[in-house]
Amino acid sequence: MEDQNSNGNNNDLSPDEEQKIRQAFQEKDWNEIKSNDSWAIFKIMGEFVSGFEKLSSIGPCVSIFGSARTPPENKYYKMAEEIASSLVEQGYGIISGGGPGIMEAANKGAKKAGGKSVGLNIILPHEQSNNIYIDHDKLITFDYFFVRKVMFVRYSQGFIGMPGGFGTLDEIFEAITLIQTKKIGRFPIVLVGKEFWGGMVHWLREVVFKVEKNVNEDDFDLFHIVDDPQDAVDIIDDFYTKFLLSPNFEF
């Protein structure tokens, strides 16, 4: 049998990662469990309270998701900035993940157009620090991804998905799932970049839907794919102009 260490799987772990894995297997007594969990509960509650207090009166906003690694010269950075500015001109505020890349572009576009610029930052061991285009009173930093995602959903009236990695996919599918399961209203979701998103949607149609029957055909109506920034803005604005829906504050 091949030694697992020989293929590099275990050698890729940092000392900190190894320690976390070892701790997961350590037995803990009840007092230790109760103490750790109690403090975690208070910390989670604190993040929810802080988010609710700062965001409860921001008005209609659109969340823009995308990669932290996208440089300013990238076409999608420029498109995100343009989309954010145009949405602000239509009366929406902008919510981003608060970091660099596409998130920075979204906040920059909102700031440039004189609109509300919200940043929901997350503490990570690398890559994430808040950008300079967030309103000083609308920057919130989280430890917990799930609390942060609640804030995105609770205070957004639409979602724009720019190209990104695992985090972007997580955020987009969170919104789609909540709409699909009718946990929130059917707010517009727009994916920007047919070249980027097309392969994923093809797989969803051909494998997830047609072969495995794991979604319904009308689930594909829950989102739109566009290439033109103005089309993304129009989809969101037309949705609210047509239905005259109120902000998503009844979560």
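The values are calculated or read from the model by the stated rules, or taken from the named source; none is laboratory data. Remember, predicted model here, so these are calculated numbers, not experimental data. Glycine gets a Cβ as well: all are built from the backbone with ideal geometry, and neighbour counts include every protein chain shown.
A few comments on the model shown:
- Tabulated pairs, segment 37-60, first among the aliphatic types (A, V, I, L, M), second assigned to a helix (DSSP H, G or I), C-beta under 8 angstrom, 6+ apart or interchain: ILE44/VAL147; LEU55/LYS138; LEU55/MET151; LEU55/ARG154; ILE58/LYS138
- Among (1) among the small types (Gly, Ala, Ser); (2) touching a Lys or Arg at 6+ places or on another chain (Cβ under 7 Å); (3) at positive phi, the one test that GLY98 misses: (2)
- Odd one out for PHE142, checked against (1) out of contact with any Leu (no Cβ under 8 Å at 6 or more places or on another chain); (2) within 18 Å of GLY46 (Cβ to Cβ); (3) in contact (Cβ under 8 Å) with a residue 24 or more places away in the chain: (1)
- Members of segment 75-111 that are more than 15 Å from the chain's Cα centre (by Cα), assigned to a helix (DSSP H, G or I) and not hydrophobic (A, V, I, L, M, F, W, C): LYS75, TYR76, TYR77, LYS78, GLU81, GLU82, SER85, SER86, GLU89, LYS108, GLY109, LYS111
Okay, residues lined up against (1) small (Gly, Ala, Ser); (2) within 30 Å of SER14 (Cβ to Cβ); (3) modelled with pLDDT under 95; (4) surrounded by 18 or more Cβ atoms within 10 Å (Cβ to Cβ):
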{"site": "LYS111", "(1), (2), (3), (4)": "no, no, no, yes"}
{"site": "ILE122", "(1), (2), (3), (4)": "no, yes, yes, yes"}
{"site": "VAL147", "(1), (2), (3), (4)": "no, yes, no, yes"}
{"site": "THR177", "(1), (2), (3), (4)": "no, no, no, no"}
{"site": "GLN180", "(1), (2), (3), (4)": "no, no, no, no"}
{"site": "GLY185", "(1), (2), (3), (4)": "yes, no, yes, no"}
{"site": "ILE189", "(1), (2), (3), (4)": "no, no, no, yes"}
{"site": "LYS210", "(1), (2), (3), (4)": "no, no, no, no"}
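- When GLU206, GLU127 are checked against the criterion of being modelled with pLDDT of 95 or more and either more than 13 Å from the chain's Cα centre (by Cα) or hydroxyl-bearing (Ser, Thr, Tyr) (or both), GLU206 stands alone in meeting it.
- Search result, residues across segment 112-124 that are at negative phi and over 16 Å from the mean Cα position of the chain (by Cα): LYS112, ALA113, GLY115, LYS116
- Odd one out for PRO72 among (1) under 14 Å from the mean Cα position of the chain (by Cα); (2) outside any helix (DSSP H, G or I): (1)
- Among (1) touching a Lys or Arg at 6+ places or on another chain (Cβ under 8 Å); (2) basic (Lys, Arg); (3) farther than 22 Å from GLU81 by Cα - the single one LYS138 does not satisfy: (3)
- Residue satisfying all of: in segment 91-109; under 11 Å from SER63 (Cα atoms) and touching a residue at least 60 places away in the same chain (Cβ under 8 Å); surrounded by the fewest Cβ atoms within 10 Å (Cβ to Cβ) among these: TYR92
- If you go through segment 54-90 and keep only what is surrounded by fewer than 17 Cβ atoms within 10 Å (Cβ to Cβ) and hydroxyl-bearing (Ser, Thr, Tyr), you end up with SER56, SER57.
- Hits in segment 191-208 (condition: touching a strand residue (DSSP E or B) at 6+ places or on another chain (Cβ under 6 Å) and either exposed (fewer than 14 other Cβ atoms within 10 Å of the Cβ) or polar (S, T, N, Q) (or both)): LYS194
- Residue match in segment 171-184 (condition: under 30 Å from MET45 (Cβ atoms) and among the aromatic types (Phe, Trp, Tyr)): yes
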